[in-house]
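Notes follow once the structure below has been shown.
Only the coordinates and a few stated rules stand behind these numbers; no lab work does. These numbers were taken from a predicted model, which means no experiment stands behind them. Using ideal geometry, Cβ is built from the backbone for each residue, glycine included, and neighbour counts are taken over all protein chains shown.
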Amino acid sequence: MTFSSGYEREVRTPFAPEAGADRRQRIWIRRAYCRHCRSAPGILPSFCLSRRLDVVGVVGTVIAAVAGGAPVAVAAEEQAIPRSTARGWISRFAERAPGIANRFASLAIDLGSGPFSLS
C-alpha cells in the first residue's frame, strides 16, 4: 500500500467549557492505495469512528455512564450532545453487546482461561 490522496472530515471534540468554543474541527484523512485490489480506503485515526461525528472518547463516556446507571439524558447533557444521538449509540450498543460478549467468551475459552460463567 502507498499513500495517495485524502479528504477533509469534520469531528466533534469533547465538551469545551469556554463560552462559544467551537467543538467541531476539520481533520485530514489520508487514503492508502492498494495496487492489488485497486482501492483507496481512508485510514481513520484511532480517535475517529466510521460514519460518526463524535470522537471515540465521547461515545465511550456516554455508553459507560448509561451502563453505570445514569439516565441517557443526563449522560448526553454532560457531554453536550443531542439526546437523540446518545439514544442511538445506546440502542446500537444494546443490539450488539450480546454478540460481542459471546466473541470475547469464545476467545477466553480458546486462550484457556479456565471455567467461568456468563450470568
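Over the residues of the chain, the helix contribution to mean residue ellipticity at 222 nm works out to -13500 deg cm²/dmol, using -39500 (n - 2.57) for each DSSP H run of at least 4. Are there any chymotrypsin sites (Phe, Trp or Tyr not before Pro) in segment 64-117 that are in a DSSP loop and have at most 14 other Cβ atoms within 10 Å? List them by number. Loop-located and lightly packed - PHE116.
Globularity index of the chain is 1.38 (Cα radius of gyration / 2.2 N^0.38 Å, N = number of residues).
For LEU49, the residues 5 or more places off, or on other chains, whose built amide H falls under 5 Å of its own are VAL56. Here the label points at ILE43 and GLU77, each 7 Å from Cα along the C-beta direction, are separated by 4.3 nm in the simple model.
Restriction of the GluC sites (Glu not before Pro) in segment 16-102 to DSSP coil positions whose beta-carbon has at most 12 other beta-carbons within 10 angstrom yields GLU18. Proximity of backbone amide H atoms, modeled 1.01 Å from N, is registered between GLY6 and ARG31 at under 5 Å, excluding neighbours fewer than 5 places apart on the same chain.
In summary, the helical segments of the chain meeting the span-like criteria, namely a full DSSP H run, a Cα extent along the axis of 30 angstrom or more and a mean Kyte-Doolittle hydropathy of at least -1.0, are 83-110.
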